[in-house]
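Peer 1: Okay, handing you the structure first.
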Amino acid sequence: MNKESVKQNQAWEQDYTQKIVSAQEAVSHIQPGQRVFIGTGCGQPKELIHAMVGRSKDLQDTEIIDFLTTESAAYADKSLAGRFRINSFFIADGVRSHIQEGLGDYTPIFLSDIPQLFSSGQLPIDVALIHVTPPDSRGRCSLGISVDIVKSAAENASLVIAQVNPQMPITHGDSFIHIHNIDLLVPVDRPLLEVPPAEPNEITTKIGEFIAALVEDGSTIEFGIGAIPQAVAPFLKKKKQLGIHTEMFTDTIIDLIESGVVDGSRKSSDKGKVVASFCMGTKKVYDYINDNPGFMFYPTEYVNDPFVISKQNKQVAINVALEVDLTGQVCADSLGSTFYSGIGGQVDFNRGAAKSPGGKAIIALNSTAKQGTISRIKALLTPGAGVVTTRGDVHYVVTEYGTAYLHGKSIQERAVALISIAHPTFREQLLKDALEIGLLPSEFTGTESGFYLGFQDYYSSNVLDDGTLLHFRNVRPTDEPALKEMYYDVSQDTIYFRFMARLKNLQRKQIKNFIYINPRTDVAIVATVPEAHGDRIIGFGQYYLDETQNLAEVAFTVHDDWQNRGIGSMLLDRLTDMAKRNAISGFTAEVLVDNNKMQKVLDKCDAQITSTREDNVLCYRMVFK
């Protein structure tokens, strides 16, 4: 080390020593009427908070700015409401009742916009109470598990008071603040706050499974706050080369890294690194990230920047909602007119993921609330509920009953898709409500199976080489006699190749199952030619979605008299287009080894095709390009 470096080190070491004070002395510099920022999440400086509350009688009209207070906050005691006025960017458990009773306030804002509030002077910070590691050899303290908006608050505060704790993990990235930029230091040695990951239940487990089906190999993941995003992790263990770019993470990330699922090798930036702005978990994850160069903690203005997010490879954003209406509007921060949480990073990541190459923006929620007594999917949002993610921004909505893809869909299509993933108890009422307020046409009716008919809006045509005009459209309830007639009129070989069994005739129930379908997971179309008595059905195609894989099993039948004329390929092309429009990843199919005609059709599918043989059946997997 040269002499200049020694002098610089001695300078910060002397500065450090001179700034050390007790918690009580540090907070004595806070003046009545000032605005005080409190470090976030599990990085809250508890010693400083208790010392500040201890002199509350001297701090009239003090405004407290906080974000994600995880446990009961001492400054949120009702008896102190005349001293401390809370203004929260995200209403968490620690301050929720205080704010809901009108004793505090809430500022709705995108998480990525908060740092600019501080730096622009729109919301000036008088005092920042933060939590850091002891300084390194260059006099730099790490903000550890809570960098997020803390770094900006500290950089823009008039007075910075830091709780210095050796139990705070050192995190790499843009997470450091120099001793010279801290005014007062309060040494402590105490464990950090811990928030164990929520244990998944049957519902969140199912939602996690559906979400994981949407995640492709090589994706970059954001895990939002709550039990549902964390329930996805166990279902990602069969994926490959995943990356992490997220505002927060918890203990569940460890297994994904240790199993080799997360390596960051396909990320377009910060390759090989887990990027986050804060962490909430237990000592297990705090120890794991301590001085671990595989993790990079950056401020919110970088991590939550939609432009940065959009540049990631296949960015998947997983966020939660409190309710969704049948047009796709997402409420995530209030229960009616009662504020419950906050906007947070939902819109930042939703918009960034939507623009990412191959990205997916996912909103997840339980289908019901209050022990199953109310539906979270509603015809109209609860009066007073605020829209966090607009109907124009929403892409995927997931409940324990499946996935609805809404982007680019009409209001009617959205209503059908969302009703079909609502809890079965509420579907009939949602249908009635949708009809009453004009979201669905009057001819839209329910069926005895409990599902709802698909829309009759798909229509296309094609001309065969001999000039015959074919029409392709959705199957209709009135097609039952014509569809039954087609299947009675085809050869036994055609029936055998389609159903892999020698059937003398099809039961009426089988025909009805082709017609009365769940429009979210099943699609059925017919190929028709006009005849004097009406349309004659000469081809039928259908796919059935396996939501745990996001792959649909495809099958179709062409009347013997019309085979070898390209109609099978036409049906497959149209089903492929419809599947892609519903964000399905590809098709599967089971074909008898001697069904050469079907094999030729499937081999022409515009997809990455693989097949395996099981006995006398070829199992196709066709992933769309």
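Peer 1: Can you tell me how many residues in the stretch 411-434 are buried (at least 17 other Cβ atoms within 10 Å of the Cβ) and of a type in the set (Val, Ile, Thr)?
Peer 2: Within the stretch 411-434, residues that are buried (at least 17 other Cβ atoms within 10 Å of the Cβ) and of a type in the set (Val, Ile, Thr) number 3.
Peer 1: Restrict the check to the stretch 68-76 and report whether at least one residue is β-branched (Val, Ile, Thr) and touching a residue at least 40 places away in the same chain (Cβ under 8 Å). Before the answer, list the steps.
Peer 2: If we filter the stretch 68-76 for residues that are β-branched (Val, Ile, Thr), which is where we start, we get 69-70.
From the residues that got through so far, the ones that are touching a residue at least 40 places away in the same chain (Cβ under 8 Å) too are 70.
There is at least one residue in the stretch 68-76 that is β-branched (Val, Ile, Thr) and touching a residue at least 40 places away in the same chain (Cβ under 8 Å).
Peer 1: Next up: Taking the condition modelled with pLDDT under 90 and of a type in the set (A, V, I, L, M), does VAL21 pass?
Peer 2: Numbers: modelled with pLDDT under 90: no; of a type in the set (A, V, I, L, M): yes.
When the stated conditions are applied, VAL21 does not pass them.
Listed here are the residues, each with its yes/no results for (1) hydrophobic (A, V, I, L, M, F, W, C); (2) over 21 Å from LYS360 (Cβ atoms); (3) more than 18 Å from the chain's Cα centre (by Cα).
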position	(1), (2), (3)
GLY384	no, yes, yes
THR390	no, no, no
HIS395	no, no, no
TYR401	no, no, no
HIS407	no, no, no
THR425	no, yes, yes
LEU431	yes, yes, yes
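Peer 1: Which condition breaks for VAL397 when tested against (1) of a type in the set (Val, Ile, Thr); (2) at pLDDT below 95; (3) within 26 Å of LYS580 (Cα to Cα); (4) not assigned by TED's automatic domain parsing to the domain that holds ILE525?
Peer 2: In the conditions (1) of a type in the set (Val, Ile, Thr); (2) at pLDDT below 95; (3) within 26 Å of LYS580 (Cα to Cα); (4) not assigned by TED's automatic domain parsing to the domain that holds ILE525, VAL397 misses (2) alone.
Peer 1: I need a count of the residues in the stretch 214-250 that are touching a helix residue (DSSP H, G or I) at 6+ places or on another chain (Cβ under 8 Å) and surrounded by fewer than 20 Cβ atoms within 10 Å (Cβ to Cβ).
Peer 2: Qualifying residue count for the region: 5.
Peer 1: With the checklist (1) modelled with pLDDT of 95 or more; (2) closer than 18 Å to GLY359 by Cα in hand, flag the one item TYR405 doesn't pass.
Peer 2: Evaluating TYR405 over (1) modelled with pLDDT of 95 or more; (2) closer than 18 Å to GLY359 by Cα leaves (1) as the failure.
Peer 1: Cβ-Cβ distance below 8 Å, separation of 6 or more or different chains: which pairs start in the stretch 476-495 with a residue that is free of Cβ contacts under 8 Å to residues at least 12 places away in the same chain and end on one that is aromatic (Phe, Trp, Tyr) and crowded, with 16+ Cβ neighbours inside 10 Å?
Peer 2: Once the first residue is free of Cβ contacts under 8 Å to residues at least 12 places away in the same chain and sits in the stretch 476-495, its partners that are aromatic (Phe, Trp, Tyr) and crowded, with 16+ Cβ neighbours inside 10 Å give ILE495/TYR487.
Yes or no, residue by residue, for (1) under 14 Å from GLY39 (Cα atoms); (2) in the same structural domain as ILE109 (by TED's automatic domain parsing):
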| position | (1), (2) |
| --- | --- |
| VAL147 | yes, yes |
| ALA157 | yes, yes |
| VAL164 | yes, yes |
| THR171 | no, yes |
| SER175 | yes, yes |
| HIS180 | no, yes |
| ASP183 | no, yes |
| LEU193 | yes, no |
| ILE207 | no, no |
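Peer 1: Moving on to the next point. What is the number of the single condition among (1) of a type in the set (S, T, N, Q); (2) under 21 Å from VAL285 (Cβ atoms); (3) in contact with a helix residue (DSSP H, G or I) (Cβ under 6 Å, 6 or more places away or on another chain) that THR133 does not meet?
Peer 2: (3)
Peer 1: Somewhere in the stretch 506-518, is a residue modelled with pLDDT of 75 or more, buried (at least 19 other Cβ atoms within 10 Å of the Cβ) and β-branched (Val, Ile, Thr)?
Peer 2: For the stretch 506-518, residues modelled with pLDDT of 75 or more, buried (at least 19 other Cβ atoms within 10 Å of the Cβ) and β-branched (Val, Ile, Thr): absent.
Peer 1: Exactly one condition in (1) in a strand (DSSP E or B); (2) in contact with a Gly (Cβ under 7 Å, 6 or more places away or on another chain) is not met by VAL601; state its number.
Peer 2: So the condition that VAL601 fails would be (1).
Peer 1: On to the next question. Step by step: first the residues of the stretch 64-88, then only those that are surrounded by fewer than 20 Cβ atoms within 10 Å (Cβ to Cβ) and among the aliphatic types (A, V, I, L, M), then the one that is nearest to ILE49 (Cα to Cα). Which residue is that?
Peer 2: Here the answer is ALA74.
Peer 1: Test of understanding: among VAL416, VAL398, which residue is in contact with a Pro (Cβ under 7 Å, 6 or more places away or on another chain) and either under 20 Å from ALA212 (Cα atoms) or assigned to a helix (DSSP H, G or I) (or both)? Steps first, please.
Peer 2: Numbers: VAL398 fails: in contact with a Pro (Cβ under 7 Å, 6 or more places away or on another chain).
VAL416 is the lone residue from the list that is in contact with a Pro (Cβ under 7 Å, 6 or more places away or on another chain) and either under 20 Å from ALA212 (Cα atoms) or assigned to a helix (DSSP H, G or I) (or both).
The values are calculated or read from the model by the stated rules, or taken from the named source; none is laboratory data. These numbers come from a predicted model, not from an experiment. Reconstructed Cβ throughout: ideal geometry from the backbone, glycine too, with neighbour counts over all protein chains shown.
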